[in-house]
Structures are given as C-alpha cells and as structure tokens.
1. For a Förster distance of 30 Å, can you work out the FRET efficiency between the beta-carbons of Asp169 and Tyr194, rounded to the nearest 0.05?
2. May I ask you to evaluate 6.51 cos²θ - 1.76 cosθ + 1.60, the Karplus curve with θ = phi - 60°, for each residue of the stretch 284-300 and list the ³J(HN,Hα) values in order in whole Hz, giving x for glycine and proline?
3. Could you work out how far apart the two model spin labels at Arg259 and Ala341 are, taking each label as a point 7 Å from the Cα in the direction of the beta carbon, and quote it in nm?
4. Would you grab the residues whose amide H sits under 5 Å from the one on Gln37? Only those 5+ places off in sequence or on another chain, please, with H modelled 1.01 Å from N.
5. Cross-link partners among lysines for Lys41, C-alpha distance below 21 Å, same-chain residues fewer than 8 apart left out?
6. Once you keep just the Cα pairs under 8 angstrom separated by 6 or more residues, what percentage relative contact order results for the chain?
7. Can you tally the net charge around Val231? Count Lys and Arg as +1, Asp and Glu as -1, for every other residue whose Cβ sits under 14 Å from the Cβ of Val231.
8. Go ahead and estimate [θ] at 222 nm for the chain from helices alone: -39,500 (n - 2.57) per DSSP H run with n ≥ 4, summed, over the residue count, rounded to 500.
Amino acid sequence: MKRSVCLLAVLGCSVVASVALHAQPGPLWQSTSYKGQEIGKLTGDVYYARTDDYVSAFMVTSEGIVLVEPVGPEHATWLKGEIDRRFGVPVKYVIYSHSHGDHASGAAVFADTARIIGHEALLGLLAMPPASTPLPQNLRAQDANGNGRIERSEAQAQIAAAFDFYDADGDGALSGAEATRGSLKLVTAPDLTYTTQVNITLGGKRVEVIPIPTDHAPDNTIVRFVDGTNVVFASDWITNGRVPFGPNVTMPSELAKIRQVEALDFEHFVCSHGRLGTKADVSANLRYREAVADAVREAIAAGKTLEQTRDTVLMADYVNWEFYEQQRPQNVAGAYRLLSAGR
Ligand SMILES: [Zn+2]
C-alpha cells in the first residue's frame, strides 16, 4: 500500500500553490533521498515521524499525545499503530500546520480520540467555492474537450496523480470549484479553531500553537513543544538545508516572520520535509534570503537586467543545499521583481 503515499506526495503543496498562482515546481519531494518510515526521539518526550520526505512531530504525555500534521491517511494509519504499540496512550490533539492536502489529509484516523485543531482561516479554505467558479487559468489547457471540467481522462501531471483528492463529489470530473479548492477531499474540518496563540496543556506539558500567516499559507501555524530543549515545527516554509521555494522568499514580511521564529526559545527545528534541523538552520535560511536580497539590490543598482541578475547572482555558498538548481533562479528573479517594483 505504497500508492497512497505516492499520490499524496504528488498532490503536494506544489499543486495547491500553482492553483493559487504561485509558480512552483512539480512533485519534487519524490526526488529527494529521504525514504521509508521511521519514528525517532528529538528530545525529552518529543518525537518525529517520517514517511519519505514528510515529517510530522508529536509529544507524549501520561494523558495522551499531541500530534502536529497527519501527513495523509497512510502516514496517519501507520503512526496510530506505532503509537498504540510503543506508548499505549491515545492521540488527544491533532494540530494542522496549514490546510494543504499533503500535510493535513488523514486526521480522521485519529478522530475517535482526538480533537482536531486548525486556524480559523482553514475553514474558509476548505469551503467549496461557488459552482459557477471557472477552472483556474493554469489548468484550462487540460480541459481538452472545452466543457469547463477536467475529466479523469483529460487530467495531466499532478492533477492526474492526485485526481481523487480533488474530486470531492467523486463524479469523475473536476469542476472549476473542485480544481480551485485543491486536493482537500481528505482534510477533515477542525473542531477547534483559533486566530491567536493557543496553549495546550496535557499531562502537565505545554504545546504552543502559534498562527503566523505566510505567503505560502494564510492559515500557517507553527508549533512549539515545550519540553526541556524545546522543539519548533514549521511546515513548508523555513527549510533545513534546502533552498526555499518560489519567487517570494525575500519579501520583507516573510523575513520579519522568520525573525519572529528565530527569536523563540528552541533547539530542534522540524520543517515538515527533508532532514531534521536545529535553530541554526532557521538562522541559515534567513541569512540566505537576506543575502539574495542584498545581492539582487546591488545588481539592480549596477543596472543589470532581470536575466543578467538571475545568471550572475549564483549564491555559491549554498550550492550544496537541496533544490539549489531548481529554486535559486526563481528566488533571484522574484527578488528582482520585488526590489525593482516602483523604481
Ligand atoms: Zn503547503
């Protein structure tokens, strides 16, 4: 039963983001070297759980478990079995980092024992848009017969791979509304929402649920597990040894929010993908973004075009970061557009 994981990896945030008109690459997560399923201790009673490139995290207490991100039905089902076997206490809370289907699908697996917690904005994102919603511009080419819907036989690439996660009514065709909403069919609505920080106390231990809306997700939430050397979990945003995704990574508002995370008290950092990290990875991610912005600013001052800037701001110190080849040019071009706007 590896297939559902592959589908979830494919449907990923890249698909959701491209529907939301952020140009992001295809199913790159599948190309990384992180394979298999494992559970490991981070510190104290805080653990990570990996399925291939995806990483969730949880805290074990005498009264139950607080989990961030179900990651999909297969990860959630496997994890529930492992938690029963290893710890013998139920999952009491599932926290969504954001709505995207590859991170938030599968919480129903824990619904018999857990409250599901998500940002209030997630409810709006889960709502089906009006039936009159047209297909998103970037998907219209897939509507070969021009009937305004993408039939299963027409679907391509990630839409084809994740078709069943988009097809909310299961009728074998994606309406404009279904395509616009995204791959959210298996995302269970939260039964507890928030707009400001929530602290969960379970078994005498604290977990802080901190909403920080980002360019990637308006319902973005980070989680701090307070347990000895603390753990921060932030999804799809501040990456560990991996070049950040897309054209908007140097937006001043994004940098300010990363500084907000950097200022928190923690040692371990889990970014929902790839390798495990520490606070130093958060700082390195921030320094990269600042360095891109500085170099692009200099290039603009020197009169370089976007193309010249993209081809000369090589960020050579970061050549060993994952996705350097794919994302560095996007980061630089995006910074150029951002910094040259209004000049
Ligand atoms: Zn995402």
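1. Working: r = 30 Å, r/R0 = 1.00.
For Asp169 and Tyr194, the calculated efficiency is 0.50.
2. Running phi through 6.51 cos²θ - 1.76 cosθ + 1.60 with θ = phi - 60° gives 5, 4, 5, 4, 4, 4, 5, 5, 4, 4, 4, 5, 5, 4, 5, 5, 5 Hz.
3. Between Arg259 and Ala341, the simple spin-label model gives 2.0 nm.
4. Those lying under 5 Å, H to H, from Gln37 are Asp52.
5. Lys80, Lys92, Lys205, Lys279
6. That works out to 15 percent.
7. Spelling it out: positives minus negatives among the neighbours equals -2.
8. Numbers: 12 runs with 114 residues, N = 343.
Helix contribution divided over all residues of the chain: -9500 deg cm²/dmol.
Every number here is computed from the coordinates shown, using simple stated rules; none is lab data. Because the structure is a prediction, the values reported are computed rather than measured. Please note: Cβ atoms are built from the backbone with ideal geometry, for glycine as well, and neighbour counts cover all protein chains shown.
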